[in-house]
Structure formats: C-alpha cells, structure tokens
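Some notes on the structure that comes next.
The values are calculated or read from the model by the stated rules, or taken from the named source; none is laboratory data. On a predicted model such as this, the values are computed, not experimentally measured, just so you know. Neighbour counts run over all protein chains shown; Cβ positions are idealised from the backbone, glycine included. When the accessible area is computed, the model is the full protein with side chains, heavy atoms only, and any ligands, DNA or RNA have been set aside. Shrake-Rupley method; radii C 1.70, N 1.55, O 1.52, S 1.80 Å.
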Amino acid sequence: MSITLMRTPISQRWCFLFVLLSMVEFSIGKLFFHPFNVTYDHRSLIINGRRRMLISAGIHYPRATPEMWPALIAKAKEGGAEVIETYTFWNGHEPIKGEYNFEGRYDLVKFAKLVGSSGLYFFLRIGPYVCAEWNFGGFPVWLRDIPGIEFRTNNAPFKEEMQRFVTKIVKLMRDEMLFSWQGGPIIMLQIENEYGDVESSYGKKGREYVKWAANMAVRLGAGVPWVMCKQNDAPDFIINTCNGYYCDGFKPNSNKKPIFWTEDWDGWYTTWGGRLPHRPVEDLAFAVARFFQRGGSFQNYYMYFGGTNFGRTAGGPFYITSYDYDAPIDEYGLLSEPKWGHLKDLHAAIKLCEDSLVAVDSPHYVKLGPMQEAHVYHKQGNGRSSFSESGDGSRCSAFLANIDQHNVALVHFRGQTYKLPPWSVSILPDCQKVAYNTAKVGAQTSIKRLDDDTPHLSNTPVVQQLSRQEKASLVSESWMTLDEPVGLWSANNFTAQGILEHLNVTKDSSDYLWYFTRINISDEDVSFWKDNRTHPALTIDSMRDVVYIFVNGKLAGSKVGHWVRVVQPINLLEGYNDVALLSLTVGLQNYGANLEKDGGGFRGQIKLTGLKNGDMDLSKLSWTYQVGLKGEMQEIYTLDGHEKAAWVDLTTNGTKIPLSWYKTYFNAPDGLDPVALDLRSMGKGLAWVNGHHIGRYWTLLSPQDGCKQSCDYRGTYDSSKCTTNCGNPTQVRYHVPRSWLQESDNLLVVFEETGGNPFEISLTTHYAQNICAQISESHYPPLSRWLNHGSVDGQVSINDTTPEMHLHCEDGYIISVVFASYGTPIGICQKYSKGSCHAPKSSKVISRLCEGRQTCSIRVSNADLGGDPCRGVVKTLAVEAKCVSSRVAGFSSF
Ligand code: GAL
C-alpha cells in the first residue's frame, strides 16, 4: 500500500496521520512481540539473528482450566522457561466430523495468546497423532468409520483428514497473528509424533507417509521451523529431535541440524492399579545439564505441568485421571518442590552460560578422569561472533561432569581443584566458579501429602523439605440414590446377529455397552450339573478392558484386563435365562501401530461351557445392544437433568450396591486453595461436580511390593526406579477446579459400578503446610547474585560467594518458624534437633528475617548467623517453618 499525502491540506494531513498512527498503534497493541523471524543452523534456533539456548515447559491446555492457565504460565516463566509447549488435541477440537470446538479448555487461541502476552515463546506440536496418554492418541473416534481408512500411513482417506486438520490449525494460528513473523509467540511446530517407533510396521508405505507428512506441513507456509520427534529419516528441511529420559548422546540425521530434545520425561504416567513413579530432581538436572554440556540447545520438559485427564480424556488402556506426572508443577497447580526450585536454579545457571554457548560451534572437550569430563565453551576475545550478545569480549563457560554413579571425584581444571559429587554436573559460567551442581539441591523438597510416602531424598547432601497437607471434611451427611437398570433401558437398543465390536457400536459416546441375550437351558443340563456338582461357565476368548457379567439380573462376576480370556462360573435355571454383559472401555489405546484396528469389547467366541452335550456357542445368537447408561444418556448429572430423575433418600451407611447413582450438595471449602474429592470409600465409576465431569475414578490397589523408602538419584533412571504408594489405591483424590465451584450448593453426582460408601466421600484442600530447608556454608551462592552482578568485559563474574537459604510459602500463607539451628543440626524435616554445635543467636536471626513473611532469604555464614559456634567444622543451617494462613494469623503478607 502506498499513501500519497502531498496534495491534501496540512491540517487534513495531520489528521490523517493521526488516524494512521492510531491504527498502527492499535494493531501493534495486539502484537506480543515485534515481528521476528526464526531460523536455525547446526547449533540452535536463531531468533532474530541470535542463536538461542532455550528451556521449554510442556503444559497441555485441556488438562487444566482456562482459569488456571495464567498462573501455570507465570510459574513456568518464574521457573526459568522461555517457551511453552503443547500438543493440539484433535478429538477435543473436532468431536464430530466438521463440527469444531475451540471453547473453554479447548480454547487454543486464548492459551497461545496468554503465552504471548506473558512474553514467552510457543512451541505447538500439532501431531495430529499425539499419543500423550490421551484418549485414542488424540484421534477422533469417527476417523475409524471412514471407508478404507488406515491411520498414519500412505493412505488417501487418512491423509485427507490429517491435512484438513493440520491446515485448519495453521490457518487459525495465522488468522490470529500468532506466528513469530506476525508478532506472535509461535517459534516452532511439530508434525506427527514419534512415528519412527512404528514406521517399520508400515513398510514402504510408512516411509512414503513420512515424506508426505513433512512436505504437507512445510507447504502450509507457517514460516517457522518444523520438527519431527524420533524420526531418523526426517527430510532435510525438518529437524529430527530426541525424546527420552536422557538425550545428551543424540545426533540429528544431518550436521546442518541442531540438537533438540522435544520430550524430557521428568516423571511418568501411571495406570489404575499401578505404583506412582517419581524422578529424582538431581538426576533430571543431571540429564538437562549433560544435554547442554554436549551441544544441545533446545530442551522441553514433558511435562512441566501434567494436570488432569478430566472427563473421559484419559488414554489407555487404564490410564488414571491424574496426569500429575511428578512434574515441577503438580496436578493442582502448586509448585512441586524441590523439583521446581532446583530446576529454576539450573535454568539460571544455563542462562548465565548462554552467551558462551551460542558463540562457539562446538565445545572443546577435556578428559578430566576415567569417568569425568569437561566441555568448554570458550569464545576468544577477538573472535567476534554475530550470535553472542556481548560483542567481542572473551567469554568462557564450562560444564564439569562426573558420570561415576558411586564415587565423588576430585578433578583438576584450569589450575583449580573441583570436588564433583557422583552422577553430577557442575556449571561454571566463568570457567572458574561453580554456580550450580546438579546433585546439590538448594531448593525446598515437598512431601505432597503426609500419607503419600513420597521418597525422602536422604542421599542428598542438602535436604530441604516441605510437607503439604490437606484438610479433609466429609462432603455431606445426606445423599440421594437411584438404581441404574441392569440390561436394556430404552427403545434405542437394537438387535443384531452375533457379537459386534464395542467401538463400532458406541462410537465412544460412553464407556459402557450392554450386550444382552437370552438362552434356553434344558432340564437335562440342570440335572447334569446337580448330579455332578458342577457349574456351567461363561467363557470369552478375549476381552478388554472390563466386563461385568449379569445372569438373570444378578451380578455373577467381572474381569479386568487387556485382551484376556474370561472364564466365569454362573448359575443357570431351567428354561430361559437372561445374560447381560456390560462391556467397558477405560481409555482408548493411544500408542502403537494400526490404532484403527484395535477396538474394544470382545474377540473370538463367547461360549457356555460345561453343558451335558458340549459347549453352546453364544456368539452365533442374536444379541441386543444398548449404548451407555440410562443416567448418563439422560444427563442426570447436570444442573437441569438431575431434577428429572426419581432420586430417593439414601439411608444405609456402607451401602454396597453395584450400578448405583448418588447425589448430594456441598459447600466449597473456604479460601482459594485447590480442592479435591477423596473417593477412597468408593469402588469404580464416574463423578461430576455441577455438571463438570471430573473424570473416571477407581480404587484399584497398586502392588504391595516394588516401592522404595528412599530413592537414590544416582545412575540411569527408568519409570520403575523410584516408585511409591505400594499397596494403596493408585488414586484417591480427584481435582475439582475452583472455577467449577460456587460458594454453596454444589451438585455432586457419582455413578458407582461396584459398590461403595458415599457417606465417606470427603473434600480436601491442598497447600504447603510445613517447609524445611537445610544448607551448608560450603553451598554455592545464589544464582540471582550472578545475574544481578552483571558482567565485567562481557564475562560474568561474582565476588560474594556466601550461600543463601530461601524459604517461601504459597500465596495467602506466611512463615512461622518452628526450628532453626546453625551448627551441626541433626535429623530430617519435622524431626530436626540441635547437634553438638549450635550458634545460640541463629534462631533469633532467622525469626527476625522470616517470621510473618511469605518469603525470606538468609545468608549462611558465621558473620550473618551470630558468630562461629565451632571452628574447623563445616556448619549447616537447618530451618523448619509452618506456612500459616495470613488471614487466620491476622497478618497481611509483606
Ligand atoms: C512419548 C510420547 C508422549 C507421551 C510420552 C509418555 O513417547 O511422545 O506423547 O506418551 O511418551 O508420557
């Protein structure tokens, strides 16, 4: 557009200019950044001409509520993330073919804009296959019904649908001005997801599909780099990236591509009946430091916040409703310490090295010992680098690693001696002073719940603990109930010959599908069983995920499993008998090749065995099908729907009736702390609060064995290494987001399959109750001091090396000190006592600094803590405090 102002009078020209300027301002007001371009070279992403070392935080928008998003993004930013990463969730966005949903928890545009307005970049992994322990790996179930479709291969119907969705997302992002070159936050996109894992199952068509997907993606003209994770045959114009617990040995398939880690598994997911996995932060920090040490430049935590699989979004089979993931921010949005804090320090340390890291093409390798090595990033003074911010000054940063799992190592580096703890990396932003060591945790540790048996990181030299407790109270003393009919309940059922595949019938509109038939039993058979004292059995060749077997309206038995054989002895009467099988899916398959063929329900034959004259093949009979539960289809869990059902008062305590609905009203707990329902008194089912589906619940116990009291961070991690919660139900608490609650009269509706006691359902609130910290006088100084100190000649440096202890309570809480000792305190959090050496004035100093505040910092030195209580001994400061509500305490936090 060219504008000519010359022939208009001056006053009009001013006016026009004013309008034009305000238009520009208006459109700039909508931008999050000055438009910038993103490219890459073999070293890193290049943002506006500058190479960057980037820390990214995985947060899946539908696993939280929009009300939670701002705080989650802010906590990620405070923790040192510069990028937020998410998948897109196709089945959430297009639940019915051609009908899109970008509202509420699926408001991707709002989420992206929040990321941008927080000053963070956005990495959007479109997939659209995402795995992610998400129902059907993100695929809409209607995709299975497209004639001739085969997922994730060179198949025309599939490619057409995939292209349509990917195009839709890219266009939406472009229309909303969300790409970097438009002033938006998006710097990178992903197509497909870990296809390399399954590619060989598809042969030549698989290889063709990779090329097609890559070409299709880049042709969309999004204008930012695309990645494919775990895709060794990614074409030249796509960056192939690493996913895993460690990615420091990863090499992309071309020396023109940078080393990216798209999924750093900082914890793991779990199944109903599984143990809870924990990844020690010392090992996680070690993995991240090693990655940057050995040339990596982009690292994304999978997950930084895991969140919750609300409704029926959990994948499977059998993934639980919580997707906490042992992530740095827990399921409720609270900081999970020490993970969050120790990683925050790590990110600050890496940041201090960024200028040196980007300035050189590859590090200088120095062997320090048999299992010790240094990587030095040294930019020479006159070696001007266009990638480094500090102009032509000399810059040196180094990483010293001890990969020995057992022993401390003393190493010599550039004329100095360094003591490296086992399985650790020390980061030296100036090639001299240690700013950070991955094994020395200086942040608070959390025991999220006292009954959770979370491992105490007792091998950590500096242990800080924070216990998080919940206050529980019964939801209600008065409940109403309603029976769910066994078998057919509406005219919508239909009859067909033989056994139909579960998903073909339900289309996943419900977990539940009734299979109903009637069989005729002769008097001969009945006498045969009587005479031989035997029973007939109903056998199913193969079944997933759960089946309840009802005979003549009574529950005969049930089975749980993934394509398992079922043999259920039953009682039959002479004449006609009703057989009703309630088949359930518990999260559709989200991983593996040929997902479209997986399905649910039954495979093979269903037979009646143990008859006098051989087996009866029930698979050939005619069966009547009924999709879903009556209460579910009538939506008796909604604010409108529940009034239409014929509820009756529930009087029996400890009721144990299968297939029952329960409802009650409750008041929200006071305050703003996150809320959960404790459903340990129940069996298995679904729960809704004010019509919001909070997810599946199941009180299945995890195995008695295989858990650890304490967890040794040293050595290679896998998800079975540090598990907890043995012998307990895998999940008992279910997050009810605050925004779904009103002050009083909240409607809770529960559908229970096996029997449970609703009178014992309770509400819990979550907050950090106790905080403990322990830091020795030889700990490294706070990272903030390096950052504040600035640089001398382009080289960061630091003179004051006194360590500092930081304590913080969550918003609305303030510190009340219960124990403090500088000297040789003994014990662990909540069991501290003074040792033989104790500085008498230290408790007073700490109270003065911390009491009544939300956060405080304490310098750990003789001078700061009232003098040296015992010469020649390395002293430690240990503090324990309670976080008390600032309202109750009558303080306002300051
Ligand atoms: C990866 C996958 C993710 C997620 C993860 C396990 O292989 O790409 O989507 O499923 O495993 O949490």
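Points worth noting:
- Across segment 860-881, not a single residue is classified as open to solvent by 20 Å² or more (accessible area, probe 1.4 Å), of a type in the set (Lys, Arg) and within 36 Å of the chain's Cα centre (by Cα).
- Among the strands (runs of 3 or more DSSP E) confined to segment 210-297, the ones with at least 2 residues that are within 30 Å of THR730 (Cα to Cα) are located at 239-244, 260-265.
Quick grid of which residues meet (1) farther than 30 Å from TYR813 by Cβ; (2) in contact with a helix residue (DSSP H, G or I) (Cβ under 8 Å, 6 or more places away or on another chain); (3) buried (at least 19 other Cβ atoms within 10 Å of the Cβ):
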{"site": "ALA676", "(1), (2), (3)": "no, no, yes"}
{"site": "ALA687", "(1), (2), (3)": "no, no, yes"}
{"site": "ASN690", "(1), (2), (3)": "no, yes, no"}
{"site": "GLN704", "(1), (2), (3)": "yes, no, no"}
{"site": "CYS707", "(1), (2), (3)": "yes, no, yes"}
{"site": "TYR717", "(1), (2), (3)": "yes, yes, yes"}
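- Entry remark, segment 299-323: residues being part of a loop (DSSP other than H, G, I, E, B) and closer than 20 Å to TRP688 by Cα number 11 in total.
- Exactly one residue among LYS620, LYS607, LYS612 is open to solvent by 40 Å² or more (accessible area, probe 1.4 Å), assigned by TED's automatic domain parsing to the domain that holds LEU513, touching a Phe, Trp or Tyr at 6+ places or on another chain (Cβ under 8 Å) and among the charged types (D, E, K, R), and that residue is LYS612.
- Odd one out for ASN240, checked against (1) of a type outside the set (A, V, I, L, M); (2) over 17 Å from the mean Cα position of the chain (by Cα); (3) within 12 Å of the ligand (Cβ to nearest atom); (4) more than 27 Å from ASN437 (Cα to Cα): (3)
- Matching entry among ALA76, ALA81, ALA57 (being more than 22 Å from PHE102 (Cβ to Cβ), part of a helix (DSSP H, G or I) and not hydroxyl-bearing (Ser, Thr, Tyr)): ALA76
- Residue match in segment 512-533 (condition: closer than 24 Å to ARG603 by Cα, at pLDDT 95 or above and open to solvent by 50 Å² or more (accessible area, probe 1.4 Å)): yes
- Where a residue in segment 576-601 is within 16 Å of the ligand (Cβ to nearest atom) and its partner, wherever it lies, is in a strand (DSSP E or B) and of a type in the set (Gly, Ala, Ser), with Cβ under 8 Å and at least six apart: GLY587/ALA314; GLY587/GLY316; LEU588/GLY316; GLN589/GLY316; ASN590/GLY316
- Among the residues making up segment 260-273, those that are away from the ligand (no atom under 11 Å from the Cβ) and open to solvent by 10 Å² or more (accessible area, probe 1.4 Å) are THR271, TRP272, GLY273.
- Segment 536-555: number of residues that are open to solvent by 40 Å² or more (accessible area, probe 1.4 Å) and more than 19 Å from ASP617 (Cβ to Cβ): 4
- Sole exception among (1) open to solvent by less than 30 Å² (accessible area, probe 1.4 Å); (2) out of contact with any Lys or Arg (no Cβ under 6 Å at 6 or more places or on another chain) for GLU82, by number: (1)
- Matching residues in segment 189-201 - criterion: being more than 11 Å from the ligand (Cβ to nearest atom) and either open to solvent by 30 Å² or more (accessible area, probe 1.4 Å) or not assigned by TED's automatic domain parsing to the domain that holds ILE126 (or both): SER200, SER201
- Subset of segment 179-214 (residues that are closer than 16 Å to LEU595 by Cβ and of a type in the set (Asp, Glu)): GLU192, GLU194, ASP197, GLU199
- Residue that is under 24 Å from the mean Cα position of the chain (by Cα), at pLDDT 95 or above and not assigned by TED's automatic domain parsing to the domain that holds TYR319, where the choices are ASP678, ASP745, ASP705: ASP678
- Failed criterion for ALA491 (all others in (1) touching a residue at least 40 places away in the same chain (Cβ under 8 Å); (2) among the small types (Gly, Ala, Ser); (3) open to solvent by 20 Å² or more (accessible area, probe 1.4 Å) hold): (1)
- Qualifying residue in segment 844-852 (condition: at positive phi and assigned to a loop (DSSP other than H, G, I, E, B)): yes
- Taken as a whole, the condition of being among the β-branched types (Val, Ile, Thr) and part of a loop (DSSP other than H, G, I, E, B) does not apply to VAL115.
- Filter result for ILE761 (touching a strand residue (DSSP E or B) at 6+ places or on another chain (Cβ under 9 Å), open to solvent by less than 10 Å² (accessible area, probe 1.4 Å) and at pLDDT below 95): no
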